[in-house]
Amino acid sequence: FGKMSDQDLIDKTAQFTATGAATGTLLGLVQSGYGDEAVRRGGVGTAVRQVARTSARAGFLGGAAAGSYAVAESTVRSVRGTEDFVNPAVGGCAAGLAIAAPTGNAGVALGLCSAFGAFMAVAHTLHYELRPSDTPAASGVRARSAELNARGAEHGLTRDAAAI
């Protein structure tokens, strides 16, 4: 997990930002379709402006959050030279701060930083550090499978339990 090149960081940030912006825009379209009374009363022009405004804001926030995550997570990983739950926690915190920035509220910023950081740390741990093959239950299954294979071999059976 060595240093990330500048081009790799730029590529990752651009990819994350574009994906976040697209996802945010889609969520903004969905959100704008629900219950704005001004849109209902204002006609087509007002509705189009409101949908565009809501989608653009959500797209901007999604892109800012995803881009902030990519830069923070990659930078921390490169500086520390390790791949563990701390890197995505810092990235999640950066994403939360990016989303909270327009509010100007320190409490909201701290809350979103904490929530996103914790979520990303847990997600990373569950996905990368606690692989199913590393759990005690999986070890027991492997041991039992080996035992059954050995018993089967004693009786002339050669079928591997993993092939079932």
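The values are calculated or read from the model by the stated rules, or taken from the named source; none is laboratory data. Note that the coordinates shown come from a computational prediction; the quantities given were computed from them, not determined experimentally. Note: ideal-geometry Cβ built from the backbone for every residue, glycine included; neighbour counts use all protein chains shown. We work out accessible area using only protein heavy atoms, side chains counted, and drop any ligands, DNA or RNA first. Shrake-Rupley method; radii C 1.70, N 1.55, O 1.52, S 1.80 Å.
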Could you give me the radius of gyration and the Dmax of segment 56-111, taking only the C-alpha atoms into account and expressing both in angstrom? 12.0, 37
Contour minus Cα-Cα distance for Glu147 and Arg80 (0.36 nm per residue): 19.9 nm
Gain on full stretching of the segment that runs from Val108 to Arg41 - 0.36 nm per residue minus C-alpha separation: 20.8 nm
With 0.36 nm assigned to each residue of separation and the Cα-Cα distance removed, Leu126 to Leu9 gains 39.6 nm
What FRET efficiency do you get for Gln31 and Phe119 if R0 is 22 Å and r is their Cβ-Cβ distance, rounded to the nearest 0.05? 0.60
For Asp11, what accessible surface area do you get with a 1.4 Å probe? Give it in Å², rounded to 10. 80 Å²
